[in-house]
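Participant: My questions all concern the structure below.
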Amino acid sequence: MKGALIMPVLAAVLLAGACNEATTPDTRAQVRFVNATTGMSSGGFTTNGQFAAGSALASGQWAQKCTRVNAGSTTFGFGAVDPKGGKGLSGNPLATLSDQSVTDGRDIIVVATGSATSPQLFLFDNNFSGQLGPSEAAIRFVNLAPGPDAANTYVVFKGAVGLTAPIAVEIVVGAPTPFSNVAAGSNEFSIVKMPGHIVAVEGSGGTLDLQAGTFNTVAILPNSPDGFRLVNLPRCS
């Protein structure tokens, strides 16, 4: 009789342990890779010398799934993907971002931009420390279209150019602007490229639908040899 009682109790203990193990959260940092280079058919990323699964990306694409990265000093690399299999680089990285301090819980974007022969790597954090009203969203802009000499900077207007003061000026490559709170819903932005005061994005091309309570990183990307577009880069969480 005692043996009959012990077996159900033991089974319950084992089941509880299995459930606890299955629901343990993964707190490691999450990284989304973005290939914003021009002229590279397929570029890939490495973390501490290891090719990141799912990071073989055509120009203008980002990884559909974020990569978990252990806490500690991390070196990221970017280069052309080996055409034989597509699961590694064809040689040494063309650009590296060394000794980046990665901590648990971070939501990170690592992006390659510039030309295929001379790319640059940048890392920026998606964590938002501000406060939002119930009908607000947060937005920031990042220049991922530096041009051939990395001299392009950008000015952002809310609405049409010149109707109001710009909300961001002199946006240099790879350095996101601070987050700004805006009303949720449809928002129109106009982008002016400097030097030259060239309107790069306006009207429907600069209209974004922002959901309440979201934190949005909007990239200025090249769209053709002479065009540009806005892309809302997805967060990992």
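Participant: Select from the range 42-127 those trypsin sites (Lys or Arg not before Pro) which occupy a DSSP coil region and have at most 13 other Cβ atoms within 10 Å, ordered by residue number.
Facilitator: Hits after loop and neighbour filter: K65, K84, K87.
Participant: Also, quick follow-up: Just to confirm the number: angle between the C-alpha axis of helix 2-22 and the first principal axis of the chain, 0 to 90 degrees, nearest 10?
Facilitator: Rounded to the nearest ten degrees, it is 10.
Participant: Under 16 Å from a point placed 7 Å out from the Cα of A160 along the Cα-to-Cβ direction: which residues of the range 203-237 have their backbone N that close?
Facilitator: Residues 203-207 qualify, since their backbone N sits under 16 Å from the label point.
Participant: Which of F78, F45 comes first, and how do the rest follow, when ranked by fewest Cβ neighbours within 10 Å?
Facilitator: If I rank by nearby Cβ atoms, fewest first, I get F78, F45.
Participant: Helix-derived [θ] at 222 nm for the chain: sum -39500 (n - 2.57) over DSSP H runs of at least 4, divide by residue count, nearest 500?
Facilitator: Taking each H run of at least 4 residues, the total per residue is -3000 deg cm²/dmol.
Read-outs: derived from the displayed coordinates by stated rules, not from any lab. Everything numeric in this text was worked out from a predicted model, so none of it was measured. No Cβ is skipped: glycine too gets one built from the backbone with ideal geometry, and neighbour counts run over all protein chains shown.
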